[in-house]
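Following: one structure in structure tokens, then a few remarks.
The values are calculated or read from the model by the stated rules, or taken from the named source; none is laboratory data. Everything numeric here is computed off the predicted structure, so don't read it as measured data. Here the Cβ positions follow ideal geometry from the backbone for every residue, glycine too, while neighbour counts run over all protein chains shown.
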Amino acid sequence: MQSKLSPEFDPAKANFAVPRYAEASLPVRSLFSDDPVWSVSGKESLPRVPFEPLYPVEGQSFEQANAPVNIVGDPRQMRIAIVTCGGLCPGLNDVIRGLTMVSIYQFHVKEVLGVRYGYPGLARGDFVSLNADKVDGIQNMGGTVLGAARGMDDIDAMIFHLEERHINILFCVGGDGTLRGASAIAARIKEKGLKIAIVGIPKTIDNDIPFIARSFGFDTAVQAAREVLLCAHVESKGAPNGIGLVRLMGRSAGFVCASATLSSGDVNFCIVPEDNFHMGGFLNTLEKRLERRGHAVIAVAEGVASQVMPSQGKDPSGNDKMGDIGPFMKQAIEAHFKSKQTAINVKYFDPSYSVRSIPANSEDSIFCWNLSRQAVYGAMAGRTEFCVGYWHGYFTYIPLQLMHGLHKSLDLNSELWLSVLSITGQPSDWRHG
């Protein structure tokens with residue numbers, strides 16, 4: 001594994017069971033016997049996916065996602081809604097389109113609704129109708145056609161509008177804050193005794209959501225970051241003592257930074273939040289690099305700011321607002337070499353918004369379609385308060401409660417990080433720079 005989970009996670013105490021909101025007793029083929037898409041239906045059950053496949057332990061496994069044999073009711077009488085929350089990410093429109101198309105063409109649902117601008121839009125009852133024509137071609141566009149917003153809102157107001165519009169399934173597309181919100185909505189729905197399924201679809205460029213080997217948008221982000229690193233390398237070689245400094249996404253996890261470093265092959269320093277960063281050691285190492293080669297490329301993840309800059313408070317999602325590590329690093333580098341009376345040329349790149357606002361690449365588009373498909377399958381089979389995951393090569397259903405308070409981070413003992421150290425030649429301990 002290239003990642004590790006928060007240390008408080010104990011698989012022996014974890015509950016891997018996905019809740020049900022209704023019994024699935026209606027055979028799907030009895031409704032759509034002439035539909036070729038159901039000529040090969042799912043199975044009653046598939047082998048579960050072990051949490052740790054090399055050392056499987058009974059009870060520590062996820063449900064494997066699967067096309068349903070039985071569903072909770074006639075989907076032709078059902079309505080579904082889709083809400084996208086948090087920041088933008090490549091693939092959001094692919095997920096919206098996938099959920100819409102699978103619901104319409106495989107289950108013939110009565111209505112598909114989109115929620116405008118996240119949970120606040122749901123609390124206002126801001127819905128738009130979606131159909132095949134309205135989602136046609138949106139997979140080729142960046143962003144989300146529904147708009148997105150950060151932060152939670154009045155849960156009872158949201159549930160009121162779900163009931164008012166007779167919505168049976170709500171798909172919540174977003175990161176850890178969105179998934180916490182989905183779990184809170186599901187808990188309140190359960191308290192009220194309502195039969196509305198709440199389904200999470202994980203979205204994060206940073207790839208830091210637990211129990212998910214890869215989140216959609218990550219592959220596209222790495223590809224886009226690689227292009228910027230290539231430009232930084234060209235700029236660094238175009239001037240004496242040239243330094244290309246690139247700030248990449250990664251609040252608490254350095255997966256984008258590490259993967260883009262490996263992909264480009266031109267990065268000399270990859271600085272990630274998981275590593276204990278020491279500015280003095282880094283500057284000494286950078287100085288030696290310039291003496292030896294005359295240029296350098298630096299990739300730094302945004303989350304490194306938490307180690308060298310004070311917090312700026314909280315954002316609407318409850319995350320720490322960090323200082324901007326890019327300009328901070330640029331200023332520190334320039335000040336260091338000025339004190340050494342050494343002339344340098346620093347070119348600073350911040351591709352954050354251009355990376356997150358582009359359309360998904362082919363790998364992510366395929367991945368988004370399959371996440372969407374499995375999300376609809378799980379809800380139609382009676383599951384609720386779950387997230388669609390991808391673990392050890394299988395799509396899975398993960399209880400949202402299991403994810404509470406956990407994060408995934410880059411394992412500094414993993415093959416991924418060892419590859420980074422190998423390709424950059426940077427020290428494994430910055431203090432020894």
Test for Val199: is it buried (at least 20 other Cβ atoms within 10 Å of the Cβ) and closer than 30 Å to Gly181 by Cβ | yes
Test Ala123 against the stated conditions and say whether it is of a type in the set (A, V, I, L, M), touching a residue at least 24 places away in the same chain (Cβ under 8 Å) and part of a loop (DSSP other than H, G, I, E, B).
-> no
Could you check, for segment 290-298, whether at least one of its residues is modelled with pLDDT under 95 and closer than 28 Å to Ile423 by Cα?
-> no
Sort out which residues of segment 240-274 are of a type in the set (A, V, I, L, M, F, W, C) and at pLDDT below 95, and write them in order of number.
-> Met249, Ala253
Tell me which of these Thr84 doesn't satisfy, since it passes every other one: (1) of a type outside the set (Gly, Ala, Ser); (2) over 29 Å from Ala221 (Cα atoms); (3) in contact with a helix residue (DSSP H, G or I) (Cβ under 6 Å, 6 or more places away or on another chain).
-> (2)
Output yes when any residue across segment 187-196 is surrounded by 24 or more Cβ atoms within 10 Å (Cβ to Cβ) and either over 17 Å from Leu88 (Cβ atoms) or modelled with pLDDT under 95 (or both), and no when none is.
-> no
Residue satisfying condition, being assigned by TED's automatic domain parsing to the domain that holds Leu31, free of Cβ contacts under 8 Å to residues at least 24 places away in the same chain and among the aliphatic types (A, V, I, L, M), within set Val128, Val135, Val145, Val112 | Val128
Residue check, Gly313 without any contact (Cβ under 8 Å) to a residue 24 or more places away in the chain, at positive phi and within 27 Å of the chain's Cα centre (by Cα) | yes
If a residue has to be assigned to a helix (DSSP H, G or I) and either surrounded by fewer than 18 Cβ atoms within 10 Å (Cβ to Cβ) or polar (S, T, N, Q) (or both) to count, how many in segment 137-154 make the cut?
-> 2
Going by the conditions given, is Pro90 under 19 Å from Phe395 (Cα atoms) and in contact with a strand residue (DSSP E or B) (Cβ under 8 Å, 6 or more places away or on another chain)?
-> no
Cys89 vs (1) touching a Gly at 6+ places or on another chain (Cβ under 9 Å); (2) surrounded by fewer than 24 Cβ atoms within 10 Å (Cβ to Cβ); (3) in a loop (DSSP other than H, G, I, E, B): all pass except (2)
Is it the case that some residue within segment 237-255 is in the same structural domain as Val308 (by TED's automatic domain parsing), surrounded by fewer than 22 Cβ atoms within 10 Å (Cβ to Cβ), in a helix (DSSP H, G or I) and touching a residue at least 12 places away in the same chain (Cβ under 8 Å)?
-> yes
Restricting to segment 382-422, what's the tally of residues that are closer than 30 Å to Phe282 by Cα and of a type in the set (Ser, Thr, Tyr)?
-> 4
Residue tally, condition under 13 Å from Ile82 (Cα atoms) and in a loop (DSSP other than H, G, I, E, B), over segment 92-120 | 2
Given (1) surrounded by fewer than 18 Cβ atoms within 10 Å (Cβ to Cβ); (2) under 23 Å from the mean Cα position of the chain (by Cα); (3) among the hydroxyl-bearing types (Ser, Thr, Tyr), where does Thr342 come up short, assuming only one miss?
-> (2)
